[in-house]
Amino acid sequence: MKKIEAIIRRAKFEEVKEALHAIDIQWFSYWDITGAGKEKEDMVVRGQLFESNYIQRRMISIVVRDQNLDKTIKAIMESAWTGELGDGKIFVSTIDETYRIRNGQSGPDALY
Amino acid sequence: MKKKLIVSVILLLIAVLPAAAQTSVAKVVPHIDFGNTAWIIVATALVMFMTIPGLALFYGGLVRRKNVLNILMQCFIIMAIISIEWVVFGYSMTFGTTTGFLAPYIGGFHWAFLNNIGINDISPYFVSQQNARIPHLLFVMFQCMFAVITPALIIGAFAERINFKGFVVFSLLWAIFVYNPVAHWIWSSSGWLFKMGTLDFAGGIVVHINAGIAALVTAVMLGKRKDYRGHAIPPHNIPFVVMGAAFLWFGWYGFNAGSALAADGLSVNAFLVTHIAAATAAVTWVIIDMLYDKKPTLVGICTGAVAGLAAVTPAAGYIGLSGAIVIGAIVSIVCFFMVAHVKERFGYDDSLDAFGVHGMGGIIGSVLTGVLATPLIQSAYSGLLYGNVHQFNVQLIAVGTIILYSGVMTIIIFKLVEKTVGIRATKQEESVGLDETLHNEIAYTTID
């Protein structure tokens, strides 16, 4: 089992969600995240223009069976892409074990 | 049948007679007028509303999330403490008429604890209604709200880095030694600037310039916030700013129209010019915003409206519609450049632009009062535009004097508080946030 953590643009979230649904990846967690990176955002407060280093993104976290890893990554890469600086990153890590709380089931079948 | 008719006509005449007698004898002695009193009671409540929640939310929304409660607390406690100071001796010190060589500079203690003021006594002050007056105690209450909001305006300058004890002591001393004397000079009938002919209808000088200069001084003396990088820090809650600005606009009707101390034509004129100056200033700021940064901002339109309100305050009883539009447009342009450029250029951290908006707004409005005052509103007063150079000069003298007095006194009071109670929050307090460190409270919980 692998965990995929993807930092994507907020505006791309709906597209990514639909792309994942289309390949039958229906369940994941997501939250808003603020980051510091190469990109700078233009801000203005009371007429003063300045560049801000605080970039708003969204993080998606999915745990998938090994055989679904490649298609999931492909789906995210294609739907979250714009070509501009700041499209985001995908991190993959290995998950040692999974349990379903309701009936104590473990292993890849405890995933959805 | 005929008898009944005659009797009924006679009875009718007897019923009507007293009324007829009353209308033919008008009251020509000063008395309490219920209509004026009703309006000024409401106006007093409106001005109270300007401090909390108006100013509280306006400033509160502009600071960072970790400091919002601190701002709200500062406004709330000022309402409480200065109100008490006012009735205990502040009113007497400001509006008490004494004799002797000190009379032009300060009042006395004749009315301390509101002694010697009966509940049915009439107010010694009036504007255009010499005979139809409000109760004296109502005048005390109305002025109380002005005495409260003035130190509250300064909060914008030292927001996010002042400690609580220092703030309370500073504000109290400032109210006693700066606000009270200045209000005496300009509004008391024995005040020297009043006698010179200074025009300040509702407090452009007494409130806005006074607080604005103190704001500049404290901002410079306290030093910048730790994270200040030369530009404004984004507000944490712009809906609060909007609510605050709207409440301020709403309450300002009491501030300006109430300063007529009556519900008459002059009061309504003040209402009109207040509203139009705010509207003009708001629109002007939006236009500049769009020319400058391509997008109209909400913080911008709110700031513009408040600047317009501050500027029209001294002029409300002396100008008409055209004056209101002129003042609104000019103050918006000047204040925009104050907050967008001048502040950055000079490098002082006036966190919420208390000087840039209120101070400058008050200065522009008070000087323009000396230009635009028209005898069409009150026949006794005219400005430069009508050939009255003297009035213009008097305005300049008054503005200059208060800038000097407020500046110097604020420096002294600041130094005193700094050396005794301490005034700046520690680095730790500033980083974590004043809400948690000074008040042990968190404004918005994310869990439960």
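Apart from one condition, B:Val339 fits all of (1) under 22 Å from B:Leu385 (Cβ atoms); (2) among the β-branched types (Val, Ile, Thr); (3) buried (at least 19 other Cβ atoms within 10 Å of the Cβ); (4) more than 14 Å from the chain's Cα centre (by Cα); the exception is (1).
Looking across the stretch A:58-112, the residues that are farther than 18 Å from A:Glu18 by Cα, free of Cβ contacts under 8 Å to residues at least 60 places away in the same chain and either in contact with a helix residue (DSSP H, G or I) (Cβ under 8 Å, 6 or more places away or on another chain) or in a strand (DSSP E or B) (or both) come down to A:Tyr99, A:Arg100, A:Ser106. Of the residues contained in the stretch B:324-332, one or more are found to be more than 11 Å from chain A (Cβ to nearest Cβ), modelled with pLDDT of 95 or more, crowded, with 24+ Cβ neighbours inside 10 Å and farther than 30 Å from B:Phe139 by Cβ.
Residue-by-condition table, conditions (1) buried (at least 24 other Cβ atoms within 10 Å of the Cβ); (2) touching a residue at least 60 places away in the same chain (Cβ under 8 Å):
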site: B:Phe194; (1), (2): no, no
site: B:Gly197; (1), (2): no, yes
site: B:Phe201; (1), (2): yes, yes
site: B:Val220; (1), (2): no, yes
site: B:Arg229; (1), (2): no, no
site: B:Met243; (1), (2): no, yes
site: B:Gly258; (1), (2): yes, yes
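Scanning the stretch B:368-397 for residues that are closer than 25 Å to B:Leu216 by Cα, crowded, with 24+ Cβ neighbours inside 10 Å and among the aliphatic types (A, V, I, L, M) yields a single hit, B:Leu368.
This table checks each residue for (1) away from every other protein chain (no Cβ under 14 Å); (2) surrounded by 15 or more Cβ atoms within 10 Å (Cβ to Cβ).
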{"site": "A:Lys2", "(1), (2)": "yes, yes"}
{"site": "A:Trp31", "(1), (2)": "no, no"}
{"site": "A:Arg58", "(1), (2)": "yes, yes"}
{"site": "A:Ser61", "(1), (2)": "yes, no"}
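In the stretch B:378-403, what residues are hydrophobic (A, V, I, L, M, F, W, C) and touching a helix residue (DSSP H, G or I) at 6+ places or on another chain (Cβ under 6 Å)? Once the filter is applied, which keeps residues that are hydrophobic (A, V, I, L, M, F, W, C) and touching a helix residue (DSSP H, G or I) at 6+ places or on another chain (Cβ under 6 Å), the stretch B:378-403 yields B:Leu384, B:Leu385, B:Phe392, B:Val394, B:Ala398, B:Val399, B:Ile402, B:Ile403. Of all residues in the stretch B:369-387, those satisfying the criterion of being within 21 Å of B:Val127 (Cα to Cα) and not β-branched (Val, Ile, Thr) are B:Gly370, B:Leu372, B:Ala373, B:Pro375, B:Leu376, B:Gln378, B:Ser379, B:Ala380, B:Tyr381, B:Ser382, B:Gly383.
Residues that are within 22 Å of B:Phe170 (Cα to Cα) and crowded, with 17+ Cβ neighbours inside 10 Å are absent from the stretch B:120-133. Residue check: B:Ala232 meets all listed conditions (1) modelled with pLDDT of 95 or more; (2) within 14 Å of chain A (Cβ to nearest Cβ) but one, namely (1).
Yes or no, residue by residue, for (1) within 14 Å of chain A (Cβ to nearest Cβ); (2) under 23 Å from B:Ala56 (Cβ atoms); (3) at pLDDT 95 or above:
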site: B:Met338; (1), (2), (3): yes, no, no
site: B:Val342; (1), (2), (3): yes, no, no
site: B:Arg345; (1), (2), (3): yes, no, no
site: B:Asp349; (1), (2), (3): yes, yes, no
site: B:Asp353; (1), (2), (3): yes, yes, no
site: B:Met360; (1), (2), (3): yes, yes, yes
site: B:Ile364; (1), (2), (3): no, no, yes
site: B:Gly370; (1), (2), (3): no, no, yes
site: B:Ala373; (1), (2), (3): no, no, yes
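Among the residues of this structure, A:Glu39 does not count as one that is charged (D, E, K, R), without any contact (Cβ under 8 Å) to a residue 40 or more places away in the chain, under 29 Å from B:Met290 (Cβ atoms) and surrounded by fewer than 19 Cβ atoms within 10 Å (Cβ to Cβ). Could you grab me the full set of residues in the stretch A:33-56 that are within 18 Å of the chain's Cα centre (by Cα) and either more than 14 Å from chain B (Cβ to nearest Cβ) or among the hydrophobic types (A, V, I, L, M, F, W, C) (or both)? Passing the criteria: A:Ile33, A:Gly35, A:Ala36, A:Gly37, A:Ile55. Has the stretch B:289-307 got any residue that is assigned to a helix (DSSP H, G or I), over 18 Å from B:Thr37 (Cβ atoms) and touching a Cys at 6+ places or on another chain (Cβ under 6 Å)? Yes. Among the conditions (1) more than 29 Å from B:Lys224 (Cα to Cα); (2) in contact (Cβ under 8 Å) with a residue 60 or more places away in the chain, the only one that B:Leu368 does not satisfy is (2).
The C-beta contact set for the stretch B:268-290 (first residue among the aliphatic types (A, V, I, L, M), second residue not in a helix (DSSP H, G or I), distance under 6 angstrom, 6+ apart or interchain) comprises B:Ala270/B:Ala316; B:Ala270/B:Gly317; B:Val273/B:Ala316; B:Val273/B:Ile319; B:Val286/B:Pro296; B:Met290/B:Pro296.
Against the test of being at pLDDT 95 or above, of a type outside the set (S, T, N, Q), in a helix (DSSP H, G or I) and surrounded by 24 or more Cβ atoms within 10 Å (Cβ to Cβ), the options B:Ala80, B:Ala56, B:Ala38 yield a single qualifying residue, B:Ala56. The sole residue among B:Trp249, B:Trp185 that is under 17 Å from the mean Cα position of the chain (by Cα), within 30 Å of B:Ser128 (Cα to Cα), touching a residue at least 40 places away in the same chain (Cβ under 8 Å) and surrounded by fewer than 23 Cβ atoms within 10 Å (Cβ to Cβ) is B:Trp249.
With respect to B:Gly308, is the statement that it is away from every other protein chain (no Cβ under 11 Å), of a type outside the set (A, V, I, L, M, F, W, C), touching a residue at least 60 places away in the same chain (Cβ under 8 Å) and surrounded by 24 or more Cβ atoms within 10 Å (Cβ to Cβ) true? So B:Gly308 fails the test.
The values are calculated or read from the model by the stated rules, or taken from the named source; none is laboratory data. Only a predicted model underlies this, so the values are computations on that prediction, with no experimental measurement involved. Please note: Cβ atoms are built from the backbone with ideal geometry, for glycine as well, and neighbour counts cover all protein chains shown.
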